[in-house]
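Report on the following structure.
The values are calculated or read from the model by the stated rules, or taken from the named source; none is laboratory data. Worth saying up front: this structure is predicted, and the values here are computed from it rather than measured. Ideal geometry is used to build each Cβ from the backbone, glycine not excepted, and the neighbour counts take in all protein chains shown.
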Amino acid sequence: MEERNPSFPGPRREELEPVLRQVFEEARGYLAGIDERAVREPGCDAAAEAFGGGLPERGVGAAAALAELARDGFRGAAHTAGPRCFHFVMGGATPAALGADFFATLLDQLAYAWVSSPLAVRLEQVVLGWLRELFELPAGWSGVITTGATMANFVNLAVARQWCGQELGVDVAEQGLYGLAPIPVFAGGYLHPAAEKALSMLGLGRGTVRRCVRDAVGRFDVHALARGLADLKGRPAIVCLTAGEPTAGDFDPIAEVAELVAGHPVWLHVDGAFGLFARVSPRTRALCDGIERAQSLTVDGHKWLNVPYDCGFALNRAPELMGHTFRYAASYLARPDEARPVPGGFGPESSRRARSFAAWATLRAYGRSGVRAIVEGNLDRAVELAQLVDAAPDLERLADVPLNVVCFRARPPGIAEGELDALNERLGAALLADGRFLVGTGRHDGRVALRPAISSWRTRPEDIALFVAVVRELASGLAT
Ligand SMILES: *Cc1c(COP(=O)(O)O)cnc(C)c1O
């Protein structure tokens, strides 16, 4: 380790060369072991909690700080970049995306306007165009890169709100919602809490959503929507659909709803954070039929595209409403109407990271067929998992597997139905404590279930087989 210059406590140029070597060596060692590493290692929580103490008056220097982060810190991380993370819906980072994301930090680009980074802004436009091609959207779609699906829903629902106001003669971006009666928002039972959060932030209210639900699973009731729209007598409304819900990977009936709302003044929004990727495989494409008729679409980058956190995309047909809603103007800033796009004026963030680097690199490196290969590999893994579950006498699948999520529970012989929820809650906790895999529980049709979502390019058949073995091992320990 190099000597620190005792006279100057701040950063020094000489630190950079050893830092680069150190980062490379750590990365090499880390990636070499990640396929077999437990997602949460024993001592993980304590390792994270060991960080603390007061702000140092004198620092330790870059080499020592980074060594501490790697040596002590990595044990406190969840190794979700590996093949055995099935919690939430989490992608890995492709090699191309990992490298390009490092370049985004290396160049420290401000992806706000052309003047602050021509490359970041250009790549963002290219990526948005490529995504239009990937998802086979017609001409006229525009968009902005966000931190994830939550903010993409925020952008798209803000544009929807602006459109509803415009239909009623009110410019919401200028005048607020004060002059308007409540804007009707319709959704099914699959509406994601991230969309609810966006409705809360937008002053539309998550509690005002009119639910069109036909059963305890939460499936969409198209007839209820038809009745609700008829009652509005021509007032504008927002309809918010979900393409891929996280408990079992199910979809709202997008084509049917698109057909229904075509005769009404409706902004049709589809949250397809991971589910939109069903569109890229002929095996699942039909699930997304009708998305091309929506006004806005939300999709994540850090889920099935397998780019690093954080990255999402708001796609919509109303660039002028988006630019008006998120207008960001002052005499010292880029002009919002300048010839080049100003992404910092299309979404909530003004200063923003160049997320376009990683998304561009992965699409450039692997192309449409490479994205399809990731998706279809995960679909295969989900089928394998479902088959192993079906073959196991002590496991019970609770739902069809339309996509990459397998919803099932432990059902050891001799355990009464009434005890299964508690058992599966304990199983979920035992899996987290075990740490070899990261997987979460949810409720499907009222029953507690495991809901592994397979979304990483790294996940192999042997990971699926080991996962089932671990679940059965832990479940049998709990049942006796
Ligand atoms: C994951 C998810 C979200 C939230 O996405 P973030 O990227 O965490 O903001 C929203 N909607 C759906 C359907 C999701 O699966």
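None of ALA67, ALA48 is surrounded by 13 or more Cβ atoms within 10 Å (Cβ to Cβ), free of Cβ contacts under 8 Å to residues at least 40 places away in the same chain and either of a type in the set (Phe, Trp, Tyr) or not in a loop (DSSP other than H, G, I, E, B) (or both) except ALA48.
Per-residue answers, yes or no, for (1) touching a Gly at 6+ places or on another chain (Cβ under 6 Å); (2) in a helix (DSSP H, G or I); (3) at pLDDT below 95:
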| residue | (1), (2), (3) |
| --- | --- |
| ASP390 | no, yes, no |
| ASP400 | no, no, no |
| ARG409 | no, no, no |
| PRO413 | no, no, yes |
| GLY418 | no, yes, no |
| ASP421 | no, yes, no |
| ARG426 | no, yes, no |
| LEU431 | no, yes, no |
| ARG436 | no, no, no |
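Considering every residue within region 296-308, establish whether at least one is touching a residue at least 12 places away in the same chain (Cβ under 8 Å), surrounded by fewer than 24 Cβ atoms within 10 Å (Cβ to Cβ) and either more than 27 Å from VAL127 (Cβ to Cβ) or aliphatic (A, V, I, L, M) (or both).
As a first pass, look at region 296-308 and keep what is touching a residue at least 12 places away in the same chain (Cβ under 8 Å): 296-308.
With surrounded by fewer than 24 Cβ atoms within 10 Å (Cβ to Cβ) added as a condition, the list becomes 308.
With either more than 27 Å from VAL127 (Cβ to Cβ) or aliphatic (A, V, I, L, M) (or both) added as a condition, the list becomes none.
For region 296-308, residues touching a residue at least 12 places away in the same chain (Cβ under 8 Å), surrounded by fewer than 24 Cβ atoms within 10 Å (Cβ to Cβ) and either more than 27 Å from VAL127 (Cβ to Cβ) or aliphatic (A, V, I, L, M) (or both): absent.
On the stretch given as region 246-271, residues that are of a type in the set (Phe, Trp, Tyr) and either more than 16 Å from the ligand (Cβ to nearest atom) or without any contact (Cβ under 8 Å) to a residue 24 or more places away in the chain (or both) total 1. Whenever a residue of region 180-199 is over 13 Å from ILE238 (Cβ atoms) and part of a loop (DSSP other than H, G, I, E, B), its partners that are among the acidic types (Asp, Glu) and within 12 Å of the ligand (Cβ to nearest atom), lying with C-beta atoms within less than 8 angstrom and at least six residues away or across chains, give the pairs GLY188/ASP252; TYR190/GLU245; TYR190/ASP250; TYR190/ASP252; HIS192/GLU245; HIS192/ASP271. Applying the set (1) within 16 Å of the ligand (Cβ to nearest atom); (2) free of Cβ contacts under 8 Å to residues at least 12 places away in the same chain to ALA243 leaves exactly one unmet item: (2).
You will find that of GLY169, GLY82, GLY165, GLY91, the residue that is at pLDDT 95 or above and part of a helix (DSSP H, G or I) is GLY165 and no other.
Among the residues of region 272-285, those identified as within 16 Å of the ligand (Cβ to nearest atom) and either over 20 Å from PRO193 (Cβ atoms) or not aromatic (Phe, Trp, Tyr) (or both) are GLY272, ALA273, GLY275, LEU276, PHE277, ALA278, ARG279, THR284. Condition (residue is surrounded by fewer than 23 Cβ atoms within 10 Å (Cβ to Cβ), in contact (Cβ under 8 Å) with a residue 60 or more places away in the chain and in contact with a Leu (Cβ under 6 Å, 6 or more places away or on another chain)) applied to region 445-462: is it met by at least one residue? No, every residue in region 445-462 fails to be surrounded by fewer than 23 Cβ atoms within 10 Å (Cβ to Cβ), in contact (Cβ under 8 Å) with a residue 60 or more places away in the chain and in contact with a Leu (Cβ under 6 Å, 6 or more places away or on another chain).
Selection of region 172-201 for residues being closer than 25 Å to GLU320 by Cβ, within 16 Å of the ligand (Cβ to nearest atom) and either at pLDDT below 95 or surrounded by 21 or more Cβ atoms within 10 Å (Cβ to Cβ) (or both) yields VAL185, ALA195, ALA198, LEU199.
Can you pull out the residues in region 53-64 that are exposed (fewer than 11 other Cβ atoms within 10 Å of the Cβ) and within 14 Å of PRO11 (Cβ to Cβ)?
Within region 53-64, the subset exposed (fewer than 11 other Cβ atoms within 10 Å of the Cβ) is 53-58.
Matches in region 53-64: ARG58 only.
When every residue of region 286-301 is checked against the conditions, at least one turns out to be among the aliphatic types (A, V, I, L, M) and within 12 Å of the ligand (Cβ to nearest atom). Of all residues in region 274-316, exactly one satisfies the criterion of being among the acidic types (Asp, Glu), within 12 Å of the chain's Cα centre (by Cα) and closer than 16 Å to GLY129 by Cα, namely ASP300. The residues in region 381-440 that are in contact with a strand residue (DSSP E or B) (Cβ under 7 Å, 6 or more places away or on another chain), β-branched (Val, Ile, Thr) and more than 26 Å from ARG219 (Cα to Cα) can be counted, and the count is 0.
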